[in-house]
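One structure is given here, and the rest of the page talks about it.
The values are calculated or read from the model by the stated rules, or taken from the named source; none is laboratory data. Note that the structure is a prediction, hence the values are computed from the model and not measured. Because the Cβ atoms are built from the backbone with ideal geometry, glycine has one as well, and the counts that use them run over all protein chains shown. Note: areas computed on protein heavy atoms with side chains; ligands, DNA, RNA excluded. Shrake-Rupley method; radii C 1.70, N 1.55, O 1.52, S 1.80 Å.
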Amino acid sequence: MNIFELQDIFTKKMLDDHRNGMLVDGMLEPYFAWKSGSNPLPTLNEAMDIVNVAVGMLDEFYDRYPNAVGEQGNNENDPWNDYVGYGKDKYIVSYLEAIDGEVSNWIISGILRNKSE
């Protein structure tokens with residue numbers, strides 16, 4: 001599988017899991033509304049809140065699984081191959097890392113504005 005196919009699998013599962021009750025923190029909703037195509041990019045303030053929530057949640061998982069980093073599975077065609085060390089939480093950790101990375105890049109790039117700007 002190529003990287004784009006893996007990204008599509010990852011995104012579809014993330015959105016399906018969100019619709020089924022995973023990561024329902026209200027601060028993350030602007031991200032999921034954008035990712036599902038129903039809203040434009042979040043505002044700068046929303047993006048900063050999204051990153052703060054994602055990082056806070058990630059810190060809890062990193063504390064819970066201190067030896068998970070670097071533990072990998074054997075399937076290169078599995079988007080969660082690098083997350084096997086997180087056990088049953090591998091999906092949520094991968095989603096939070098993706099959210100943190102994507103939204104942080106928006107903030108750094110300067111593409112986001114607040115509604116009054």
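In table form, for the structure just shown:
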quantity	calculated
Members of segment 90-117 that are at pLDDT below 95 and either open to solvent by less than 50 Å² (accessible area, probe 1.4 Å) or among the aromatic types (Phe, Trp, Tyr) (or both)	Gly110, Leu112, Asn114
Within segment 73-84, considering residues that are surrounded by 13 or more Cβ atoms within 10 Å (Cβ to Cβ) and not small (Gly, Ala, Ser), the one modelled with the lowest pLDDT	Asp78
Filter result (hydrophobic (A, V, I, L, M, F, W, C) and at pLDDT 95 or above) within segment 11-22	Met14, Leu15
Criterion: of a type in the set (Gly, Ala, Ser), within 14 Å of the chain's Cα centre (by Cα), at pLDDT 90 or above and under 29 Å from Phe4 (Cβ atoms) - qualifying residue of Ala68, Ala54	Ala54
Qualifying positions in segment 36-46 - open to solvent by less than 80 Å² (accessible area, probe 1.4 Å), in contact (Cβ under 8 Å) with a residue 24 or more places away in the chain and not in a loop (DSSP other than H, G, I, E, B)	Leu44
Conditions (1) small (Gly, Ala, Ser); (2) open to solvent by 30 Å² or more (accessible area, probe 1.4 Å); (3) not in a helix (DSSP H, G or I): number failed by Gly87	(3)
Among the residues listed as Asp49, Asp59, Asp25, the single one being at pLDDT below 95 and open to solvent by 40 Å² or more (accessible area, probe 1.4 Å)	Asp25
Yes/no for Gly70 being on the phi > 0 side of the Ramachandran plot and either in contact with a Cys (Cβ under 7 Å, 6 or more places away or on another chain) or part of a loop (DSSP other than H, G, I, E, B) (or both)	yes
